[in-house]
Amino acid sequence: MAGDPRPSPTAQEPPLPDPQERLAAERLFGDRLALAERYVAHLASSGIVRGLIGPREVPRLWSRHVLNCAVVEELLPQDARVADVGSGAGLPGLCLALARPDLRLTLIEPLERRVQWLDEVVADLGLTNVRVLRARAEQAKDEVGEVDVVTARAVSALVGLLDITLPLLRGTGELLALKGRSAAQEIEKAQKKLARHGARSTEVLTVGDALLAEPTTVVRVRL
């Protein structure tokens, strides 16, 4: 006899940042902090109900997700055109848009339900520097247009990520891939692909050291 299906996850109250997280959020978002808080509320409610965020992630939405992504803004040049590949719940794309209103972001996401959610959140937050594109990254080159930086988080290992992100740069610019402790090993495994794409330099960076208990690890690939 088949068991009952699992109940759908329910919306939760957004977590309050602890004092250190609050200071980091104030530093990163400035006068747009209220919008960042509203975004976290979206993640904790409709983001969970519609399967973009796991319920267990709610207590660490600030530390592990929003702030972890927002600190990458220090690596982005002024007025950069950014394509965020596999944007999902807007990580890191929406976090960067909130922290840096000068950026022009295209959030690339192939799944319709995620695109619909992103469209709703972008509209609710009034983010005029963001557009959402439903597409697979490897097929989006013409629609995206000129790009200075490509970002990606939790999309795939670097060796596979290069093929779907670097072509968007059209031969010039950089990839910022948010990674974990295996970043150096991923670079080693991707050496042939990096050479094939003409990468000029590849390095592992940490950002947010002065703001976060656990800084963010980023692999930067420059063409």
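The values are calculated or read from the model by the stated rules, or taken from the named source; none is laboratory data. Please read all numbers here as calculations on a predicted model, not as lab measurements. No Cβ is skipped: glycine too gets one built from the backbone with ideal geometry, and neighbour counts run over all protein chains shown. Just so you know, the surface numbers come from the protein's heavy atoms only, side chains and all, with ligands and any DNA or RNA stripped out. Shrake-Rupley method; radii C 1.70, N 1.55, O 1.52, S 1.80 Å.
Things to note:
- Judged by the mean number of other Cβ atoms found within 10 Å, the most tightly packed of the peptides 147-154, 128-135 leads the ranking 147-154, 128-135.
- Residue ranges 211-219, 177-185 sort as 211-219, 177-185 when ordered by packing (mean number of other C-beta atoms within 10 Å per residue, highest first).
- Percent of Cα-Cα distances greater than 31 Å, calculated over the chain: 19
- Whole-angstrom Cα spans of segment 142-223 along principal axes, big to small: 39, 26, 21
- Within the same chain, aspartates and glutamates fewer than 8 places from LYS193 are excluded, and of the rest, those with a Cα less than 18 Å from its Cα are GLU138, ASP163, GLU174, GLU203.
- Straight-line reach from LYS141: taking Cα to Cα under 18 Å and skipping same-chain neighbours fewer than 8 places apart, no lysines fall in range.
- For the options GLU73, GLU188, GLU26, a Gaussian network treatment of the chain with springs between C-alpha atoms closer than 10 Å singles out GLU188 as fluctuating the most.
- The chain - mean residue ellipticity at 222 nm from DSSP helices (-39,500 (n - 2.57) per run, n ≥ 4, rounded to 500): -9000 deg cm²/dmol
- Per residue accessible area in Å² of segment 1-124, where ligands, DNA and RNA are left out and the probe is 1.4 Å: 49
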